[in-house]
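Accompanying notes for the structure given below.
The values are calculated or read from the model by the stated rules, or taken from the named source; none is laboratory data. Here the structure is a predicted model, which is why all the values come from computation and not from measurement. Note: ideal-geometry Cβ built from the backbone for every residue, glycine included; neighbour counts use all protein chains shown. Note: accessible area is taken over every heavy atom of the protein model, side chains too, but ligands, DNA and RNA are not part of it. Shrake-Rupley method; radii C 1.70, N 1.55, O 1.52, S 1.80 Å.
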Amino acid sequence: MIDERKLQQFLGKMIVDLGAAASVPLMRIGVRLGLYKAMDGAGPMTSAELAAKANISERYAREWLAQSAASGYLTYDSASRRFELPPEQAMVFANEESAFFTGGGFDAVAALYQTQPLVEQAFKSGDGIDWGDHAGCLFCAIGAMLRPRYSANIVQNWLPALNGVVAKLERGAEVADIGCGTGYSTFIMAKAFPNSTFVGYDFHEPSIDHATAYARQSGGAGNIRFEVAKAKDFSAKDLDLVTCFDVLHDLGDPVGAAAHICRSLKPDGTWMLMEPLAGDATEDNLGPFGRVAYAFSTMACVPVSLSQEVGMALGAQAGQAKLTEVIKAGGFSQVRRAAETPLNMVLEVRH
Ligand SMILES: C[S@@+](CC[C@H](N)C(=O)[O-])C[C@H]1O[C@@H](n2cnc3c(N)ncnc32)[C@H](O)[C@@H]1O
């Protein structure tokens with residue numbers, strides 16, 4: 001028996017969801033064409049004023065402005081027919097250096113849409129999908145999505161939450177950043193700790209090329225290099241610190257990687273892992289962030305792990321208990337949650 005009221009309520013929710021999904025290309029256009037930047041701090045603007053400032057067509061500007069106001073991204077004053085980007089929204093859309101910038105996240109969502117046919121097939125076959133086969137430069141978008149969190153947290157909050165690590169980094173330590181992707185995390189650490197040496201490893205060659213070029217263009221800290229290697233067989237030894245930012249759950253064989261990291265660390269070394277924040281039970285993760293994380297997990301993290309040896313496919317919402325089990329199976333005995341943000345947890349792992 002259909003409850004008409006519940007049906008109408010659910011349809012209302014679906015309109016909200018459809019609106020969010022349909023807004024993705026508009027947000028990306030706003031970022032790429034500099035429309036949010038043109039409005040940032042500019043006060044109320046008409047569509048003609050935005051069009052002139054951003055060098056775009058007035059007709060498109062008018063439609064984009066109305067959609068953005070309907071989304072709650074802009075405010076609208078009907079008397080003056082002017083739209084305004086509030087300063088809080090500017091932090092999210094206009095300021096790429098802000099910890100709250102979400103442009104990369106929407107690029108990553110767009111890449112997931114492009115990969116849908118491959119994932120759809122994988123649902124039936126049970127096969128994995130190589131990280132490099134994901135469409136739309138998913139790896140660049142993931143790098144851009146995570147970077148604001150790293151700029152705001154790695155040096156300021158996460159490394160200081162680890163026992164004695166900052167003092168070692170200041171004196172001069174050997175560090176490996178495993179699964180470094182586009183290398184922003186490695187670069188941020190290398191710049192902050194010039195006496196230490198940093199190697200970023202990733203098994204995806206285009207990511208390593210991107211990381212190397214980025215470090216060079218950004219005034220490349222001399223204490224950093226990048227190499228193609230798997231988490232199970234990178235060459236560095238006698239390390240003081242190993243970092244894994246949003247990587248462990250993507251690995252095919254996270255236990256094998258944990259064992260290799262265990263062998264590569266000095267006896268008093270530290271392994272720092274950043275993972276998506278998640279509870280241990282599915283029901284703990286059924287909120288707004290879990291929704292986003294399970295989407296990325298289904299479309300990218302699980303397929304990438306299944307494409308590798310073992311194919312453990314922990315998923316992006318594995319939770320600390322499961323992660324601890326994997327880490328300890330690799331030979332470590334101490335795991336502690338050292339820090340957390342609304343989106344991530346940081347684990348400190350020691351022999
Ligand atoms: C979600 S991305 C995170 C990238 C980067 N750490 C960051 O925070 O931007 C996961 C990364 O793990 C890498 N990866 C997956 N499996 C790997 C493996 N077995 N060995 C090395 N890297 C791996 C991918 O290439 C990808 O760069």
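Taking the range 201-225 on its own, how many of its residues are more than 11 Å from the ligand (Cβ to nearest atom), surrounded by 20 or more Cβ atoms within 10 Å (Cβ to Cβ) and modelled with pLDDT of 95 or more? Here the count works out to 1.
For (1) in contact with a Leu (Cβ under 9 Å, 6 or more places away or on another chain); (2) closer than 16 Å to residue 202 by Cα; (3) in contact (Cβ under 8 Å) with a residue 24 or more places away in the chain; (4) within 12 Å of the ligand (Cβ to nearest atom), each residue gets a yes or a no:
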{"site": "250", "(1), (2), (3), (4)": "yes, yes, yes, yes"}
{"site": "256", "(1), (2), (3), (4)": "no, yes, yes, yes"}
{"site": "281", "(1), (2), (3), (4)": "no, no, yes, no"}
{"site": "291", "(1), (2), (3), (4)": "no, no, no, no"}
{"site": "304", "(1), (2), (3), (4)": "yes, yes, yes, yes"}
{"site": "310", "(1), (2), (3), (4)": "yes, no, yes, yes"}
{"site": "315", "(1), (2), (3), (4)": "no, no, yes, no"}
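Within the range 1-42, the set of residues being open to solvent by less than 70 Å² (accessible area, probe 1.4 Å), over 25 Å from residue 100 (Cα atoms) and either modelled with pLDDT under 95 or among the charged types (D, E, K, R) (or both) comprises 3 only. Summed over the range 158-188, the residues that are assigned to a helix (DSSP H, G or I) and touching a strand residue (DSSP E or B) at 6+ places or on another chain (Cβ under 6 Å) give a count of 6.
Tally the residues that are in contact (Cβ under 8 Å) with a residue 12 or more places away in the chain and either surrounded by fewer than 18 Cβ atoms within 10 Å (Cβ to Cβ) or under 21 Å from residue 134 (Cα atoms) (or both), restricting the search to the range 226-235. Selection size over the range 226-235: 6. Note on the range 147-162: residues that are among the aliphatic types (A, V, I, L, M) and open to solvent by less than 20 Å² (accessible area, probe 1.4 Å) total 3. Assessment of the range 153-174 against the conditions (within 12 Å of the ligand (Cβ to nearest atom), touching a residue at least 24 places away in the same chain (Cβ under 8 Å), in the same structural domain as residue 335 (by TED's automatic domain parsing) and more than 30 Å from residue 87 (Cβ to Cβ)) yields no matching residue. Among all residues of the range 182-190, there is none that is among the small types (Gly, Ala, Ser), within 14 Å of the ligand (Cβ to nearest atom) and more than 24 Å from residue 133 (Cα to Cα).
With respect to the conditions (1) surrounded by fewer than 15 Cβ atoms within 10 Å (Cβ to Cβ); (2) touching a strand residue (DSSP E or B) at 6+ places or on another chain (Cβ under 7 Å), residue 45 falls short on a single one, namely (1).
To keep it simple, each residue is scored yes or no on (1) of a type in the set (Gly, Ala, Ser); (2) open to solvent by less than 50 Å² (accessible area, probe 1.4 Å).
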residue	(1), (2)
129	no, yes
142	no, yes
145	no, yes
168	no, yes
171	no, no
178	no, yes
184	no, yes
192	yes, yes
199	no, yes
